[in-house]
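Read the figures in this text as sums done on the coordinates, not as results from a lab. Predicted model only: the values in this text are computed from it and were never measured. As a convention, Cβ positions derive from the backbone with ideal geometry for all residues, glycine included, and neighbour counts pool all protein chains shown.
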Amino acid sequence: MSRGFNFSAGPAVLPEPVLRRAQAELLEWGGERASVMEVSHRGKAFIAVAEKAEADLRKLMGITDDYSVLFLQGGATTHFALLPMNLADAGQRADYIVTGAWSKKAVAEGKPHCAAQVIATRESTKFTDLPEASSYAIDPTSAFVHIAANETIHGVEFPDAIATGNVPLVADFSSSILSRPIDVSKYGVIYAGAQKNIGPSGLVVMVIRKDLLERAGQNRAKILSYKEHAAQGSMLNTPPTFSWYLAGLVFEWMLEQGGLATFEANNRRKAEALYSAIDNSGGFYKNPVSIGARSLMNVPFTLKDEALDAAFLKESEAAGLLSLKGHRDLGGMRASIYNALPFEAVATLVDFMGDFARRNG
Ligand SMILES: *Cc1c(COP(=O)(O)O)cnc(C)c1O
């Protein structure tokens, strides 16, 4: 058996050179005579790794000194609750734009900690497009405006940051961080669970504007306070050291490849190949999302007859194309084409799809 082309939505494919390096260093890391997992997070060797990971991420994304970078835990979901606890006063309003399952979940998890208002949603179209920007009724007294920059399940992505005036924009970038250059200065908070484009699950990377750390927020334990985490270099308690190390290897690999401009070009090429195979299949395959809202990272699609789904999945897996089964809420298929997935994987999928359609059309 050999590694397949992995289209998993998350945890997802990681760069092979990174996995090989981690494998080579697993038993004896640097001069430590132990694994990176077996040494103190406060030791010199690990501190150097932690600092380099932050510096490399700052370089990749163009993050200025006005922002803190935090390496946290709990997955993005925990931060759906912690964000209002840290950024909103008790009972203060926060505005949410709902474009799919994850931004909807952010509202549900945020609600106990703020007066969450859904100011725009396209649930009525089953999240196949984005709400009109002119429809956003942002309250200038709101603590923040929350969006999911890319909806991993519905395959809907904001092409750009949205304008929110003086209310900070808080964006869940779990499935699109580092997929292309973005203007960090348009955001108050950018946060991402690591398991799509960064590394192992559990780790959360957060880029937060420093003035937001000065907000009082709500009565909460120190361990739940972003300000405390920032003051202690994300080492208020033992951080997930192996995940942090692996994220650092991914950042280093990305810089070696030429940074985010290179990844944007690769990602656009992959997405164009796949969407055009779907759109030019004579109706055999369908992606329901309107063109301007389509995700660069997650491509859900259905077959013309769902009775063919089982055969498609069985044959694609036999061809080395892994994890194409769609989310249980949408059915059909989903191809996640994150940074670490090579173009060759998409080319192989497109060939397979054409062949499958000819045999079953
Ligand atoms: C995967 C994902 C999450 C959930 O991450 P967890 O680590 O499971 O909490 C949240 N938001 C988006 C956009 C995601 O893709």
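Which of Lys44, Lys270 comes first, and how do the rest follow, when ranked by fewest Cβ neighbours within 10 Å?
Final ranking by Cβ density, sparse to dense: Lys44, Lys270.
When the chain is fully extended, how far beyond the present Cα-Cα distance does Asp183 get from Lys286, taking 0.36 nm per residue of separation?
33.9 nm
With point charges of +1 on the Cβ of Lys and Arg and -1 on the Cβ of Asp and Glu, referenced to the Cα centre of segment 113-210, which listed residue (Val145, Thr164, Val205) lies farthest in the positive direction of the dipole?
Val205
In whole percent, what relative contact order does the chain give with Cα contacts below 8 Å and a gap of six or more residues?
Answer for the chain is 23 percent.
Would you work out which of Leu330, Val346, Ala307 lies farthest towards the positive end of the dipole of segment 259-360? Charges go on Cβ: Lys and Arg +1, Asp and Glu -1.
Leu330
Report the charge-dipole magnitude of segment 117-171 in Debye, nearest 20, computed about the Cα centre from +1 at each Lys and Arg Cβ and -1 at each Asp and Glu Cβ.
The dipole magnitude comes to about 80 debye.
Can you compute the modelled spin-label distance between Arg21 and Glu315, with each label point 7 Å from Cα toward Cβ, in nm?
4.0 nm
Could you line up Leu60, Leu178, Leu72 from fewest to most neighbouring Cβ atoms inside 10 Å?
Ordered from fewest to most neighbouring Cβ atoms within 10 Å, Leu60, Leu178, Leu72 come out as Leu60, Leu72, Leu178.
Which residue, Asp65, Asp139, Asp172, has the most motion in a Gaussian network model of the chain that connects Cα atoms within less than 10 Å?
Result: Asp65 has the largest fluctuation of those listed.
What are the ³J(HN,Hα) couplings of segment 206-222, residue after residue, when phi is run through the Karplus curve with 6.51, -1.76, 1.60 and θ = phi - 60°? Round to Hz, x for glycine and proline.
Listing the rounded values in order: 10, 10, 10, 5, 4, 5, 6, 5, 8, 5, 5, x, 10, 3, 7, 5, 3 Hz.
Do any GluC sites (Glu not before Pro) in segment 197-267 lie in a DSSP loop with no more than 14 other beta carbon atoms within 10 Å, and if so, which?
Loop-located and lightly packed - Glu214.
Would you be so kind as to identify which of Val250, Pro84, Pro239 lies farthest towards the positive end of the dipole of segment 17-257, taking Lys and Arg as +1 and Asp and Glu as -1 on Cβ and the Cα centre as origin?
Of the listed residues, the answer is Pro239.
Residues of segment 340-361 with the amide nitrogen closer than 20 Å to a label point 7 Å from the Cα of Lys304, along Cα-to-Cβ, please.
Under cut-off, by backbone N: 350-361.
Can you give the charge dipole size of the chain about its Cα centre, rounded to the nearest 20 debye, using +1 on the beta carbon of Lys and Arg and -1 on the beta carbon of Asp and Glu?
360 debye
Arrange the following residues from fewest to most other Cβ atoms within 10 Å of their Cβ: Arg33, Arg122, Arg328. Please list the in-between numbers first.
Values: Arg33 10, Arg122 21, Arg328 7.
Exposure proxy ranking, most exposed first: Arg328, Arg33, Arg122.
Considering only DSSP beta bridges with both partners in the chain, what is the antiparallel share in %, to the nearest 5? Don't skip to the end; give the middle numbers.
Details: 21 of 38 bridges.
Bridges in the chain are about 55 percent antiparallel.
Go ahead and collect, in residue order, the members of segment 40-75 whose backbone nitrogen is under 16 Å from a label point 7 Å along the Cα-Cβ direction of Asp160.
Once the point is set 7 Å along Cα→Cβ of Asp160, nothing inside segment 40-75 turns out to lie under 16 Å by backbone N.
Counting only residues 5 or more places away or on other chains, whose amide H sits under 5 Å from the amide H of Ala9 once H atoms are built in the peptide plane?
Those qualifying (amide H under 5 Å, at least 5 residues apart or on another chain) number zero.
Label-point separation (nm) for Asn237 and Thr262, each offset 7 Å from Cα along Cα-to-Cβ?
About 3.8 nm, to one decimal.
³J(HN,Hα) across segment 160-171 via Karplus (A = 6.51, B = -1.76, C = 1.60, θ = phi - 60°), whole Hz, x for Gly/Pro?
In residue order, the calculated couplings are 8, 5, 9, 7, 10, x, 8, 7, x, 8, 10, 10 Hz.
Please list, ordered by chain and number, the residues whose modelled amide H lies under 5 Å from the amide H of His146; skip anything fewer than 5 residues away on the same chain.
It is Asp95, Tyr96, Ile97, Val170, by chain and number.
Cα extents of segment 17-257 along the three principal axes, largest first, in whole Å?
Dimensions of segment 17-257 along the principal axes of its Cα atoms: 58, 37, 28 Å.
Could I have the simple spin-label model distance between Glu344 and Leu322, label points 7 Å from Cα toward Cβ, reported in nm to one decimal?
The two pseudo-label positions are separated by 1.6 nm.
Relative contact order for segment 259-360: what percent, with Cα pairs under 8 Å and sequence separation of 6 or more?
Worked out over segment 259-360, it gives 31 percent.
If I require 20 Å or longer along the helix axis, counting alpha carbons, and a Kyte-Doolittle average no lower than 0.5, what helices from the chain are left? Use full DSSP H segments. Don't jump to the answer; show the numbers that get you there.
On the way: long enough: 44-61 (26 Å, 0.18); 241-256 (23 Å, 0.81); 260-279 (27 Å, -0.47); 343-360 (25 Å, 0.21).
Sorted by number, the helices that extend far enough and score high enough are 241-256.
Roughly how many debye, to the nearest 20, is the charge dipole of segment 5-48 about its Cα centre, given +1 on each Lys and Arg Cβ, -1 on each Asp and Glu Cβ, and no other charges?
On the way: 5 positive and 5 negative charges, 27 e Å.
Charge dipole, segment 5-48, about its Cα centre: 140 debye, nearest 20.
Which of the three applies to segment 261-361, rounded, prolate or oblate, going by the alpha-carbon gyration tensor with a ≥ b ≥ c and a/c under 1.5 meaning rounded? Before the final figure, lay out the partial values.
Numbers: a/c = 1.60, a/b = 1.39, b/c = 1.16.
Verdict is prolate for segment 261-361.
Go ahead and collect, in residue order, the members of segment 259-280 whose backbone nitrogen is under 19 Å from a label point 7 Å along the Cα-Cβ direction of Asn360.
Zone members listed by number: 274-280.
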